[in-house]
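Engineer: Take a look at the following structure, please.
The values are calculated or read from the model by the stated rules, or taken from the named source; none is laboratory data. None of these values were measured; they are calculated from a predicted model. Using ideal geometry, Cβ is built from the backbone for each residue, glycine included, and neighbour counts are taken over all protein chains shown. Surface accessibility is based on the protein's heavy atoms, side chains included, excluding ligands, DNA and RNA. Shrake-Rupley method; radii C 1.70, N 1.55, O 1.52, S 1.80 Å.
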Amino acid sequence: MNWLTALTSHTAPAVLVTVARVEGSAPREAGAKMLVTAESQFDTIGGGHLEMRACEIARAMLALRDSSVAAMRRLERFALGPGLGQCCGGIVHLSFERFDQTADQAAHDYVNDLHRFWHERQDSWRVLALDSTTPPSLYDAAGNCVTGPKLLSHVRFDRKRVCHVMQDSNGQRWLIDPCLAHRPHLMLFGAGHVGAAIIRAIADLPCHVTWVDERDDMFPDTLPANVSIEATDIPEALVDAAPSGTSFLVMTHSHALDQHLAERILRRADTAWFGLIGSRTKRMQFEHRLRERGIPAERLADMICPIGVPGISGKAPAVIAASVCAQLLLAWEVLELSQISDCSRG
């Protein structure tokens with residue numbers, strides 16, 4: 001369970017630990033988080049001695065059971081090599097932020113708004129006073145304060161800026177923490193064995209998934225936080241309405257439906273990635289039929305079939321799922337690097 005799902009699901013007192021700044025080599029990047037309760041830990045800031053010390057500090061804060069600054073906020077510096085004996089050797093600054101949603105309705109509302117932004121694939125920014133117990137604030141991508149007191153109105157939020165600590169003219173330190181929506185969006189057609197295995201494998205990956213099938217009883221009762229379902233008899237309508245940059249993965253129970261969806265997907269020019277389950281023979285048959293329906297050769301070349309990382313030949317659902325998820329991560333990383341390059345040139 002990731003930190004945000006845990007924070008939303010567990011209302012007991014907890015401390016959110018955030019990698020606020022990194023100097024040199026470190027296990028995780030600025031902005032990585034974990035949630036610590038009196039008995040549990042969710043997500044990770046990199047493991048090892050650093051994580052053990054962070055848990056100790058977080059639980060010491062929880063044990064104070066008051067609302068002093070020491071119990072509510074901290075910023076600690078860790079030298080990984082000389083201080084903790086870790087091989088990375090860099091320096092990590094961690095912020096500690098205590099939540100008690102049962103006693104503080106404002107904290108409960110703040111957490112719900114943070115989760116809502118993430119679920120709706122919208123960027124948000126957390127602003128946290130590190131030297132006082134001022135309630136945290138949540139801003140949208142346009143810089144509008146959504147929850148909490150309006151703080152630091154002069155700050156310009158930039159999606160390319162990572163989590164960092166800012167010090168104002170009065171010496172007050174502030175954590176500026178972008179909680180950026182996962183950009184990759186996968187539309188997965190098919191709730192059979194392989195589709196279900198992919199959903200299990202993709203649960204903690206940085207993406208959002210729309211899982212589509214006409215058979216409502218095929219979906220499990222419990223879904224990962226990054227997955228939503230669509231039970232529909234007209235899946236092609238979802239293809240047509242999907243946002244630009246959506247990735248598509250087709251593996252339904254019907255070859256005729258697979259072909260119909262493939263045609264609708266290939267008629268779009270703005271897809272990020274399109275995979276179709278099947279053999280090379282299936283690909284040849286589909287190419288022939290799709291050419292007859294006017295799909296040009298350059299679009300057919302964008303259809304990934306067979307799916308999965310080349311060299312992995314196992315056909316068990318879990319093996320296919322691992323291979324396809326690796327293939328998606330590679331495709332999304334290439335796309336992200338391309339978008340960053342385009343932005344820098346602009």
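Engineer: Tell me which of these residue 151 doesn't satisfy, since it passes every other one: (1) among the aliphatic types (A, V, I, L, M); (2) over 21 Å from the mean Cα position of the chain (by Cα); (3) within 30 Å of residue 253 (Cα to Cα); (4) open to solvent by 20 Å² or more (accessible area, probe 1.4 Å).
Structural biologist: So the condition that residue 151 fails would be (3).
Engineer: Tell me, which strands (runs of 3 or more DSSP E) lie completely within the stretch 161-212 with 1 or more residues that are touching a residue at least 12 places away in the same chain (Cβ under 8 Å) and within 25 Å of residue 272 (Cα to Cα)?
Structural biologist: Qualifying strands (runs of 3 or more DSSP E): 173-179, 185-189.
Engineer: Taking residue 228, is it of a type in the set (S, T, N, Q) and open to solvent by less than 70 Å² (accessible area, probe 1.4 Å)?
Structural biologist: Spelling it out, residue 228 is indeed of a type in the set (S, T, N, Q) and open to solvent by less than 70 Å² (accessible area, probe 1.4 Å).
Engineer: What's the number of the condition residue 222 fails, among (1) at pLDDT 95 or above; (2) open to solvent by 50 Å² or more (accessible area, probe 1.4 Å)?
Structural biologist: Among (1) at pLDDT 95 or above; (2) open to solvent by 50 Å² or more (accessible area, probe 1.4 Å), residue 222 violates only (1).
Engineer: If the requirement is being open to solvent by 30 Å² or more (accessible area, probe 1.4 Å), in contact (Cβ under 8 Å) with a residue 24 or more places away in the chain and out of contact with any helix residue (DSSP H, G or I) (no Cβ under 8 Å at 6 or more places or on another chain), which of these qualifies: 19, 69? It would help to see each step written out before you state the result.
Structural biologist: Values: 19 fails: open to solvent by 30 Å² or more (accessible area, probe 1.4 Å).
Matching residue, one of 19, 69: 69.
Engineer: Sticking with this one: Of the conditions (1) open to solvent by less than 60 Å² (accessible area, probe 1.4 Å); (2) closer than 16 Å to residue 4 by Cα, residue 145 fails just one. Which one is it?
Structural biologist: (2)
Engineer: Mind listing just one residue for me: the one in the stretch 27-57 that is of a type in the set (Ser, Thr, Tyr) and open to solvent by 30 Å² or more (accessible area, probe 1.4 Å) and, of those, nearest to residue 96 (Cα to Cα)?
Structural biologist: 44
Engineer: Same structure again: Restricting the stretch 22-55 to residues that are touching a helix residue (DSSP H, G or I) at 6+ places or on another chain (Cβ under 8 Å) and of a type in the set (A, V, I, L, M, F, W, C), which is farthest from residue 174 (Cα to Cα)?
Structural biologist: If we take residues in the stretch 22-55 being touching a helix residue (DSSP H, G or I) at 6+ places or on another chain (Cβ under 8 Å) and of a type in the set (A, V, I, L, M, F, W, C), then 38 is farthest from residue 174 (Cα to Cα).
Engineer: Only one of these is open to solvent by less than 20 Å² (accessible area, probe 1.4 Å), within 16 Å of residue 207 (Cβ to Cβ), out of contact with any Lys or Arg (no Cβ under 8 Å at 6 or more places or on another chain) and assigned to a helix (DSSP H, G or I): 261, 328. Name it. Break it down into steps so the answer makes sense when it comes.
Structural biologist: Numbers: 261 fails: within 16 Å of residue 207 (Cβ to Cβ).
None of the others qualify; the one that does is 328.
Engineer: A further question on this structure: Please find, among 314, 294, 275, the residue that is at pLDDT 95 or above and under 19 Å from residue 251 (Cα atoms).
Structural biologist: On the way: 314 fails: at pLDDT 95 or above; 294 fails: under 19 Å from residue 251 (Cα atoms).
So the residue among 314, 294, 275 that is at pLDDT 95 or above and under 19 Å from residue 251 (Cα atoms) is 275.
Engineer: Which residues, taken from the stretch 220-253, are of a type in the set (A, V, I, L, M, F, W, C), in a loop (DSSP other than H, G, I, E, B) and under 17 Å from the mean Cα position of the chain (by Cα)? So that I can check it myself, show each step before the final result.
Structural biologist: Residues of the stretch 220-253 of a type in the set (A, V, I, L, M, F, W, C): 223, 225, 227, 229, 231, 234, 237-239, 241-242, 248-251.
Those still in the list that are in a loop (DSSP other than H, G, I, E, B) too: 223, 225, 234, 242, 251.
If the condition is that a residue be of a type in the set (A, V, I, L, M, F, W, C), in a loop (DSSP other than H, G, I, E, B) and under 17 Å from the mean Cα position of the chain (by Cα), then 223, 225 are the ones that fit.
Engineer: Select from the stretch 104-141 the residues that are free of Cβ contacts under 8 Å to residues at least 12 places away in the same chain and over 20 Å from the mean Cα position of the chain (by Cα) and write down the one among them that is most open to solvent (accessible area, probe 1.4 Å).
Structural biologist: Only one residue fits best here, namely 105.
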